[in-house]
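Where a number appears in this text, it was derived from the coordinates with a stated rule and is not lab data. Please read these numbers as outputs of a predicted model, since none were measured by experiment. No Cβ is skipped: glycine too gets one built from the backbone with ideal geometry, and neighbour counts run over all protein chains shown.
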Amino acid sequence: MSCELDALIVGAGPTGLVLATQLQSYGTRFRIIDRLLDRTRESRALGVQARTLELLQTLGLGERLVARGKTSTRLKLHLEGRAVAAVTLGDIGAVDTRFPFILFVSQAETEDVLNEYLRASGVMIERGTALVSYQREDDGVECLLQRGDGRQERIHARSLVGCDGAHSTVRKWSGIEFEGGSYPQDFVLGDIEADGPLEPNAINSFARGDGVAIFFPLGRPATSRVVAMNADAQSETEAGRTSSPDIARALQLSELQDLVNSPSPGVGNDIGYVLILEEMLKALKVELEAQPAAQEAD
């Protein structure tokens, strides 16, 4: 059977989208599918290194992405309520790049930039389409696809590329092990507007007692991303953990405020809104005066 495609990309997250932009620039015959109907709308991953920006800039996308985020090379450390140190990050090799910083940008913005590039290049991302099965052939891979309405399609490609995340179907079906350990942690992620002693455009880290809160500069969809956890709460959760460590439980606003205020007093007393991630699957935007937030178990 002749190959219809050079590559079928499974997964339209940042990895699959970047691969698609590269293949498009090379004139490669490919299709890109994703079982989800929509792209990411919450921040999720947010740190982009200089080399990644350099590679994106070969397509004119590096500076475009920088314009959507916040650049930082500073880490401000607070211990027991006092600012104790400031550290400059990424000094090594800074003179060798046009991007001498860490870019903090919402994954939603990253995907949007890549989507715009592909759309302008005439590439359609086939959403709501899943890989059902595949079979290796002498000259490639025969793949069975299924759309949301149940319609199926068989296609033939020289290469099948799994860009479908940590729980990759392609990897599992290929028998490729995901080696490493599991380190269950319970913590809160929030995209927030907060007041207090936060140095603008810097990573602000607070540790006090058994609590930790780290604020990252973000820009959009909110000014900051906070990651907070408490050792006492962590111990209680681990003691009562069942066989399913990945289930998010409800978190009341008062708990969220306590988690932030414990290590970083004076920060976050006037948060405008919070965007909480649940299992990296969906976002829940809440008005703090009226709605509960949620806690993610990783």
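Rg to Rh for the stretch 85-234: what is it, with Cα atoms only and Rh by Kirkwood? Provide the component values of the computation, followed by the final result.
Details: Rg = 21.9 Å, Rh = 20.3 Å.
That ratio is 1.08, to two decimals.
Using the Cβ of residue 119 as centre and a radius below 15 Å, the other residues enclosed give a net charge of -2, where K and R count +1 and D and E count -1.
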